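Structure first, then comments.
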Amino acid sequence: MRCSYSLFRRRLRRGRICRHFIIVLDSPAKGHERFAVPTLPKEYPNGLAIQPFAPAWADDVLEPVISARTISFHYHKHHKAYVTALNGLVEGTPYAAMKLEEIVHKTHAGPKKIFNNAGQVWNHDFYWRSLSPKAAAPQGDLARAIERDFGSAAKLIEALADAGKTQFGSGWAWLVSIAGKLSVVNTPNAESPMAQGVNCLLTVDVWEHAYYLDYQNERPRYLETVLAKLLNWSFAAENLSKESRPVRSATE
Ligand SMILES: [Fe+2]
């Protein structure tokens with residue numbers, strides 16, 4: 001099932017998308033933890049899982065689908081800029097003592113400047129984890145849920161591609177689970193289902209900076225290639241099992 005972001009929000013307001021999934025984190029971080037670009041999955045060879053911005057960062061692990069040049073801008077410049085801006089914005093505010101996901105959740109209605117940067121940091125953390133250079137089919141409970149709710153993994157990928165293609169302007173396409181049922185939704189700018197307490201399984205970035213260097217204006221070709229070759233289904237399966245705690249770190 002897929003719905004537009006506006007329909008998604010209307011359903012959420014009407015209680016048709018479960019508000020009870022919105023939870024407050026039980027314990028804030030101790031002190032101000034500076035936000036950092038994520039530690040990425042160990043399955044990335046040559047280590048994306050290192051300190052951010054280190055010279056040894058292997059930018060080419062997703063080639064040929066996503067080039068090292070794209071990563072050099074997307075990860076090292078765009079993602080870094082959101083991290084830097086967020087750290088500056090929260091300095092000396094109560095948000096400095098909160099975890100990233102809590103800031104996203106609490107600032108969803110404003111202040112927008114903090115939300116936009118926190119949202120973009122969380123969304124990018126989640127995006128990097130949604131990708132894997134090792135293509136593998138969905139397994140177990142996830143595979144059964146996909147079969148039940150979409151008919152097949154191919155149909156789900158079609159729905160995700162459609163969500164990404166039809167997102168007007170910058171944004172994201174998401175696979176989410178609500179009460180165990182899978183659906184696809186797109187969100188604009190820095191928005192995410194997580195910000196509204198909905199469990200995210202996977203995302204694809206459809207901001208132009210995610211694909212323009214490799215695919216120019218061909219967003220559909222970027223989507224079709226990434227969705228066919230890079231989706232991290234084991235990450236999606238982990239996230240499906242965490243539905244009772246949808247507001248959580250993108251990197252746990
Ligand atoms: Fe991005």
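All of the numbers you see were taken from the coordinates with simple rules; none came from a lab. Since the model is a prediction, treat every value here as computed from it, not as a measurement. Cβ: placed from backbone, ideal geometry, glycine included. Neighbour counts: every protein chain shown.
Key figures for this structure:
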read-out: Three-way shape call for the range 145-193 based on the alpha-carbon gyration tensor, with the a/c threshold at 1.5; value: oblate
read-out: Residues whose placed amide H lies under 5 Å from that of Leu202, excluding near-sequence neighbours; value: Leu175
read-out: Potential lengthening between Ala109 and Thr251 on full extension [0.36 nm per residue; Cα-Cα distance subtracted]; value: 48.7 nm
read-out: log10 of Debye I(q)/I(0), alpha-carbon scatterers only, for the range 84-130 at 0.20, 0.26 Å⁻¹; value: -0.58, -0.92
read-out: ³J(HN,Hα) computed for each position of the range 135-150 - Karplus, 6.51 cos²θ - 1.76 cosθ + 1.60, integer Hz, glycine/proline x; value: 5, 8, 6, x, 10, x, 4, 5, 4, 5, 5, 5, 4, 5, 9, 10
read-out: Per-selection Kirkwood Rh - the range 141-252 (Cα, Å, 1 d.p.); value: 14.2 Å
read-out: Relative contact order computed over the range 188-252 (Cα-Cα under 8 Å; 6+ residues apart), in percent; value: 48 percent
read-out: FRET efficiency estimate (nearest 0.05) - Cβ-Cβ, Arg144 to Lys242, R0 22 angstrom; value: 0.80
read-out: Bins of 5 Å, starting at 0 and running to the largest distance - Cα pair percent for the range 204-252; value: 4, 18, 22, 16, 14, 15, 9, 2
read-out: Protection proxy ranking of 113-120, 177-184, 233-240 - average other beta-carbon atoms within 10 Å, highest first; value: 113-120, 233-240, 177-184
read-out: Ser170 long-range amide H proximity, modeled H, under 5 Å; value: Asn189
read-out: Dimensionless Rg ratio for the range 67-198, taking C-alpha atoms and the 2.2 N^0.38 Å reference; value: 1.17
